[in-house]
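The values are calculated or read from the model by the stated rules, or taken from the named source; none is laboratory data. Since the structure is predicted, the reported quantities are computational estimates derived from the model, not experimental observations. Note: ideal-geometry Cβ built from the backbone for every residue, glycine included; neighbour counts use all protein chains shown. Just the protein is used for accessible areas: all its heavy atoms, side chains included, with ligands, DNA and RNA removed. Shrake-Rupley method; radii C 1.70, N 1.55, O 1.52, S 1.80 Å.
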Amino acid sequence: MTRLCNIVDKVVSTLFRKLGREIADRPGYFVIVPILVAALFGSGWQRIRYEDDPEYLFTPTNGRSKVERNIVETLFPMNSSRNFDLGRITRPGHFGRVIVVPRDGKTVLRGEIFDEIDELNMIVQNLTIEFEERLWRYEDICARKLGGHCFQNDVLDFKSRIRMMEHDPNVTMTFPLMETPNRIYFLGGALGGVVTDKNAVIVNCSAANLMYYLDWSSPRAEKMARLWEALFLETIESLNEQFDTISLAMFVSNTLTKELQKNTQSVVPFLSLTLFIMLAFSILTCMMADWVTSKPWLGVIGCISSIMGVAAAFGLIMYFNLEFIGINLAAPFLMLESSLRSFCECVNTLCGSRAASEAATNCAELRFLLCRETTIQWVVGSMPRGLNRLREKMLLLNRVSQLVARNFFPS
């Protein structure tokens, strides 16, 4: 096993040293060609396709839940324009959601609270968008039940009863089912933070939930729904400070997507700062006690080559029509860190070599050390977890090789 490792090490070392000498003898080709190749591959950025759908990003493409959802939608189809049923919904669709919380922290089942909730509901019902040179209100683009009625918030039917509850302790509401002479209401999705007694009578309720489902049965309906959702968010945000007794929290179908985008965009301001710090660190690493042996431009070139590699790699991937996601912004820093670490270790090793060494010899040894370090890191990093012992041996072999290299180039 030791002989086999020695043979592989000798063969790889010889090839890398020959490559280093070729670079020293013909530097022009190895400067111009990589720049042209990086520019060619980097042009793939013009075909960037950003993907931010949370369902696509965080769930398996062929997961069991999606297979079963397709079965349900095939056997029990639902059209949001004519037979919408909240209990049969299998996709989020398009909607606007408002959670109402009293500012004083007391129960939401009070007359003054429901007066403002009713006013809020009227404002939302009257939201109007312009599409195809026509004005559309909520009732024009809402998700409709059988009979053509829009989805309604049942909790609003209890406004008069709540006023009676404030004056008559015998008038109560039960949770989650509320039975009236006309029908039975399910309030599980309409009220939140509910406290009940042993008879399921509501003692306290912290929040109320209002839902406004929209039609998404066609691409045209989806376009109108997105416009209405944007207007909904803007309106609710402006109303939050106008009401005296209630505080509002809003949510629409693409809120999670927008929050993921904000999370990604929050990293962008730090990109330039991080790049400057890495550049300064690379330059300082290549500085010595005197200006003759100092090579600050090596640090700059190391950063530039790493950035070129990252841009070329992502550009080439985009030519294969692969999606770009927000978390990919962290990948360049990881790749830069690995490349610069290998570069700095090799430069520090060569700085202890003979000062009278030829340029070709130095370039050959630099190429050997750089390629060996990068190859070992790539092999070790790509190993499965079940090969922990082999991974440790590879890391140990890497350290031993570094010691041998330092002894091979005495100061």
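Looking only at residues in the stretch 10-50 that are outside any helix (DSSP H, G or I) and charged (D, E, K, R), which one is farthest from residue 323 (Cα to Cα)?
26
Taking the stretch 59-82, which residues are in a helix (DSSP H, G or I) and among the basic types (Lys, Arg)? If you could, list the steps in order and put the result at the bottom.
Initial filter on the stretch 59-82 (in a helix (DSSP H, G or I)): 64-75.
The answer is 64, 66, 69.
List every residue pair whose Cβ atoms sit under 6 Å apart, with the two residues 6 or more apart in sequence or on different chains, where the first one lies in the stretch 270-291 and is under 15 Å from residue 302 (Cβ atoms) and the second, anywhere, is charged (D, E, K, R).
Correct list of pairs: 286/295.
Please determine, by comparing only the residues of the stretch 42-60 that are without any contact (Cβ under 8 Å) to a residue 24 or more places away in the chain and touching a helix residue (DSSP H, G or I) at 6+ places or on another chain (Cβ under 8 Å), which one is farthest from residue 257 (Cα to Cα). Even if it seems obvious, please write down each step before you answer.
Start the filter on the stretch 42-60 by keeping residues that are without any contact (Cβ under 8 Å) to a residue 24 or more places away in the chain, which leaves 46, 55-56, 58-60.
With the extra rule that they be touching a helix residue (DSSP H, G or I) at 6+ places or on another chain (Cβ under 8 Å), the set shrinks to 59-60.
Working: 59: 14, 60: 18 Å.
Taking the candidates together, the pick is 60.
Give the number of residues within the stretch 124-163 that are over 24 Å from residue 89 (Cα atoms), surrounded by 15 or more Cβ atoms within 10 Å (Cβ to Cβ) and under 34 Å from the mean Cα position of the chain (by Cα).
3
Exactly one condition in (1) loosely packed, with under 12 Cβ neighbours inside 10 Å; (2) modelled with pLDDT under 90; (3) not small (Gly, Ala, Ser) is false for residue 171; which is it?
With (1) loosely packed, with under 12 Cβ neighbours inside 10 Å; (2) modelled with pLDDT under 90; (3) not small (Gly, Ala, Ser) applied to residue 171, the lone miss is (1).
Which of the residues spanning the stretch 279-328 are farther than 25 Å from residue 36 by Cα, assigned to a helix (DSSP H, G or I) and within 30 Å of the chain's Cα centre (by Cα)?
280, 281, 326, 327
Please determine, by comparing only the residues of the stretch 216-266 that are under 14 Å from residue 92 (Cβ atoms) and of a type in the set (Asp, Glu), which one is most open to solvent (accessible area, probe 1.4 Å).
For the stretch 216-266, the residue satisfying everything is 222.
Listed here are the residues, each with its yes/no results for (1) touching a residue at least 24 places away in the same chain (Cβ under 8 Å); (2) among the acidic types (Asp, Glu).
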{"residue": "75", "(1), (2)": "no, no"}
{"residue": "80", "(1), (2)": "yes, no"}
{"residue": "85", "(1), (2)": "yes, yes"}
{"residue": "89", "(1), (2)": "no, no"}
{"residue": "92", "(1), (2)": "yes, no"}
{"residue": "98", "(1), (2)": "yes, no"}
{"residue": "111", "(1), (2)": "yes, no"}
{"residue": "132", "(1), (2)": "no, yes"}
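Return the pair list, or none, for Cβ contacts closer than 8 Å from residues in the stretch 228-239 that are within 7 Å of residue 127 (Cβ to Cβ) to residues that are of a type outside the set (Val, Ile, Thr) and open to solvent by less than 10 Å² (accessible area, probe 1.4 Å), at least 6 apart or on different chains.
From residues that are within 7 Å of residue 127 (Cβ to Cβ), the pairs are 228/96; 228/138; 228/214; 232/96; 232/212.
Have a look at 270, 333, 276 and point out the one that is at pLDDT 80 or above, surrounded by fewer than 18 Cβ atoms within 10 Å (Cβ to Cβ) and not basic (Lys, Arg). Working first, answer last.
On the way: 270 fails: at pLDDT 80 or above; 333 fails: at pLDDT 80 or above.
Testing whether each residue is at pLDDT 80 or above, surrounded by fewer than 18 Cβ atoms within 10 Å (Cβ to Cβ) and not basic (Lys, Arg) leaves just 276.
Tell me which residues, restricted to the stretch 60-82, are open to solvent by less than 60 Å² (accessible area, probe 1.4 Å) and in contact with a Lys or Arg (Cβ under 7 Å, 6 or more places away or on another chain).
Correct list: 78, 81.
Restricting to the stretch 303-321, and then to whatever is among the hydrophobic types (A, V, I, L, M, F, W, C) and open to solvent by less than 30 Å² (accessible area, probe 1.4 Å), can you tell me which residue is modelled with the lowest pLDDT? If you could, list the steps in order and put the result at the bottom.
The first filter runs over the stretch 303-321 and keeps only residues among the hydrophobic types (A, V, I, L, M, F, W, C), leaving 303-304, 307-308, 310-314, 316-318, 320.
From what is left, the residues that are open to solvent by less than 30 Å² (accessible area, probe 1.4 Å) are 303, 310, 312, 314, 318.
Numbers: 303: 78, 310: 83, 312: 89, 314: 87, 318: 89.
Within the stretch 303-321, the match that is modelled with the lowest pLDDT is 303.
Given the structure, is residue 31 within 17 Å of residue 307 (Cβ to Cβ) and free of Cβ contacts under 8 Å to residues at least 40 places away in the same chain? Before you say what the answer is, go through the steps one by one.
Values: within 17 Å of residue 307 (Cβ to Cβ): yes; free of Cβ contacts under 8 Å to residues at least 40 places away in the same chain: yes.
Yes; evaluated as a whole, the condition is true for this residue.
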